[in-house]
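What follows is a short report on a single structure.
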Amino acid sequence: MAADFQALKQDLTRRMDGAMETLKKEFQGLRTGRASPALLEPIRVEAYGSVTPLNQVANISVAGPGLLSVQVWDKAVTKAVESAIREANLGLNPQAEGQVIRVPLPPLTQERRNDLAKAAARYAEQTRVSVRGVRRDGMEQVKGWVKKHEFSEDEAKRAEDDIQKLTDQYVKQIDAALVEKEKDIRTV
């Protein structure tokens with residue numbers, strides 16, 4: 001019995017960790033006042049007859065506090081990369097110079113900061129929903145064990161309490177990450 005629950009708890013922890021990793025990646029894509037290659041990573045480029053992630057056709061680096069540099073490996077896709085960055089709805093205006101595309105980051109307006117904070121809150125809520133879904137799956141698994149008489153009512157209650165504590169721990173991490181990101185976004 002205990003081994004089954006430990007395996008379930010490890011699986012739930014792994015899945016909740018995955019949700020946290022996804023949240024961290026989403027947060028990296030939200031622009032703050034600093035230049036970060038993570039800002040351009042979600043961009044996809046139409047190249048070589050398919051849609052490809054930007055980091056598979058170019059090298060993205062920070063060229064200064066408010067400037068990203070995109071070194072395109074194949075001159076033939078430079079135009080496609082430039083238009084993909086422009087059309088990514090990030091408010092960026094890339095400038096191509098040969099195979100290097102310079103992407104100046106305009107200063108954030110208060111309205112844009114508010115939009116980014118709202119987006120961060122949406123990402124955090126999606127992650128909370130994911131974590132709660134994992135909790136629900138765990139609770140259903142425990143109820144199934146009780147129905148099959150593999151777990152007693154007392155064991156089930158302890159297991160459900162453990163699952164709830166695990167969920168609460170991850171929700172606190174999500175809330176802390178959101179507070180940190182909002183502070184980062186709103187810092188001028």
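Here LEU178 does not qualify as within 23 Å of the chain's Cα centre (by Cα) and outside any helix (DSSP H, G or I).
Under the condition of being under 20 Å from GLN126 (Cα atoms), exposed (fewer than 15 other Cβ atoms within 10 Å of the Cβ) and small (Gly, Ala, Ser), the residues counted in the stretch 5-37 number 1. Inside the stretch 103-115, residues that are in contact (Cβ under 8 Å) with a residue 60 or more places away in the chain, surrounded by fewer than 19 Cβ atoms within 10 Å (Cβ to Cβ) and not in a loop (DSSP other than H, G, I, E, B) make up a count of 1. Within the stretch 165-183, the set of residues being more than 26 Å from ASP115 (Cβ to Cβ) and hydrophobic (A, V, I, L, M, F, W, C) comprises just one member, LEU166.
Filtered by the rule that a residue be surrounded by fewer than 17 Cβ atoms within 10 Å (Cβ to Cβ) and either modelled with pLDDT of 90 or more or over 14 Å from the mean Cα position of the chain (by Cα) (or both), the stretch 118-138 gives LYS118, ALA121, GLU125, GLN126, VAL129, ARG132, GLY133, ARG136, ASP137. Only residues that are over 21 Å from the mean Cα position of the chain (by Cα), open to solvent by less than 30 Å² (accessible area, probe 1.4 Å) and under 22 Å from LEU108 (Cβ atoms) were counted in the stretch 48-93, giving 3.
Scanning the stretch 145-188 for residues that are basic (Lys, Arg), closer than 23 Å to ALA35 by Cα and either crowded, with 17+ Cβ neighbours inside 10 Å or at pLDDT 95 or above (or both) yields a single hit, LYS181. Criterion applied to GLU26, GLU82 was being more than 30 Å from VAL129 (Cα to Cα) and charged (D, E, K, R), and the one residue passing it is GLU82.
The values are calculated or read from the model by the stated rules, or taken from the named source; none is laboratory data. Since the model is a prediction, treat every value here as computed from it, not as a measurement. Positions of Cβ are backbone-derived with ideal geometry, glycine not excepted, and every protein chain shown enters the neighbour counts. Accessible surface areas use protein heavy atoms only, side chains included; no ligands, DNA or RNA. Shrake-Rupley method; radii C 1.70, N 1.55, O 1.52, S 1.80 Å.
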